[in-house]
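Since every read-out is calculated from the coordinates, none of them should be taken as a lab result. The shown structure was predicted, so the numbers you read here are calculated from the model rather than taken from an experiment. Here the Cβ positions follow ideal geometry from the backbone for every residue, glycine too, while neighbour counts run over all protein chains shown.
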Amino acid sequence: MNQFWENEFVHTAAYFSVVILCMIVFLAVFELVTKYKNWEEIKKGNVAVAMATGGKIFGIANVFRHSIMHNDHLLVMIGWGVFGFILLLVAYFVFEFMSPKIKVDDEIQNNNMAVGLISMILSIGISYIIGASIS
């Protein structure tokens, strides 16, 4: 039975499954902290929400990519992924706080693509910084 868990295909499937589950949970958390409903806005064709959400998805995936690359144990990988997600969440709140003249959530909900693009690039950029710091 030990050989089963050491098989590279099983190993990859385990990491994949855990990351997909974490991504669903983390996107649900992002859904809770935004004023709009991501998937409803995307269904209506709101490109700004799609860009912001895409940046969050990319950011989460990038953090987990680095976490997988630098950790041999599934639980340690999850721990770093969760920590990285928390940092991404903090960056989201800092972005809202650091732009007092712009209500980021309102602008994204109103399909302001410039704000959506900055939000996407912020999520992606911060995920690279978080990923580089994972050991």
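A few remarks follow.
- Dipole magnitude (debye, nearest 20) for the range 29-88, charges at Cβ of Lys, Arg, Asp, Glu: 220
- Degrees between helix 47-70 axis and first principal axis of the chain (Cα, 0 to 90, nearest 10): 30
- 5 Å binning of all Cα-Cα separations within the chain, expressed as whole percents from 0 upward: 2, 11, 20, 21, 16, 12, 9, 5, 3, 2, 1, 0
- About its Cα centre, the dipole of the chain is roughly 320 debye, where the only charges are +1 on Lys and Arg Cβ and -1 on Asp and Glu Cβ.
- One decimal place: the segment Phe9-Lys43 gains 8.7 nm when fully extended, by the rule 0.36 nm per residue minus the C-alpha distance.
- Karplus 3J(HN,Hα) series, Hz, for the range 93-105 with 6.51 cos²θ - 1.76 cosθ + 1.60 (x for Gly, Pro): 5, 5, 4, 4, 5, 7, 10, x, 7, 10, 8, 3, 4
- Viscosity 1.002 mPa s, 20 °C: Kirkwood-radius Stokes-Einstein D of the range 11-89 over Cα pairs, µm²/s: 163
- Options Met77, Leu21, Phe4, ranked by Cα towards positive dipole end of the chain, top entry (Cβ charges): Leu21
- Helix axis angle, 8-33 relative to the chain longest principal axis, alpha carbon, degrees: 20
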